[in-house]
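Taking it in order: structure first as structure tokens, then the write-up.
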Amino acid sequence: MIRRLRVKFVCVNMAIAAAMLCVIFGLVLHFTQAGLEAESQRVLEAVARDPLRLEQPGSGTLPYFVLQVWPSGVRLLTGGGYYDLTEETLWSLLAAALETGQSSGVLPAYKLRFCVLEPPNGQGYAFVDISSEAGAMERLARSCLVIGCAALLAFFAVSLALARWAVKPVDEAWR
């Protein structure tokens, strides 16, 4: 009977600790994702305001490029980055952006965030690389998982010790 009481004590402590860790790590992941997304959105908006900008917009270091489609059908590439910018890739990016039916969004297959530009001489699309955003979130999720497992093991050890200490008076009274 005392053993069952100890097991219940440990289970309750572990449930509370696991719930708290899940909430904490969930909030860390959520707010980090929101911050990274806001940064890439700021770069995208800076490019959208001035598509022919030659230097990197804003304080961020996210690679970007602008694809402009002129009424004559000629494409003009501006901006910087380290992409495969062959004509075939540009057409597939344009098709993927058009396929979403939105004026801005994310192309997960290409790890790019985009928005539609309406310059005076033709329609354009600004693209910002979000692969670093995805990589950072993946690394953070792994770190949270490792830290969470280590913390749960530590909580388990502490819970075992606390269970013995908390149940000791009941054990003595029982005997």
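The values are calculated or read from the model by the stated rules, or taken from the named source; none is laboratory data. Since we're looking at a predicted model, the values are computed, not measured. Heads up, the Cβs are rebuilt from the backbone with ideal geometry, glycines too, and the neighbour counts pull from every protein chain shown. The protein model used for the area step is the full one, side chains on, heavy atoms only, and it has no ligands, DNA or RNA in it. Shrake-Rupley method; radii C 1.70, N 1.55, O 1.52, S 1.80 Å.
Per residue, the accessible area of region 97-162 comes to 57 Å², computed with a 1.4 Å probe over protein heavy atoms only.
A dipole drawn for region 106-175 from +1 and -1 charges on Cβ atoms has a positive end, and of S131, L145, A173 the residue lying farthest that way is A173. In a fully extended conformation the segment linking W174 and V23 would gain 50.5 nm over its present Cα-Cα distance, using 0.36 nm per residue. If only the Cβ of Lys and Arg carry +1 and only the Cβ of Asp and Glu carry -1, the dipole of region 100-175 around its Cα centre is close to 340 debye. Carbon and sulfur: what percent of region 122-175's accessible surface (1.4 Å probe)? The C+S portion of the solvent-accessible surface of region 122-175 is 70 percent. Placing pseudo-labels 7 Å out from each Cα toward the beta carbon at R4 and L140 gives an inter-label distance of 4.6 nm. Across region 1-42, the fraction of Cα-Cα pairs farther apart than 18 Å, rounded to a whole number, is 53%.
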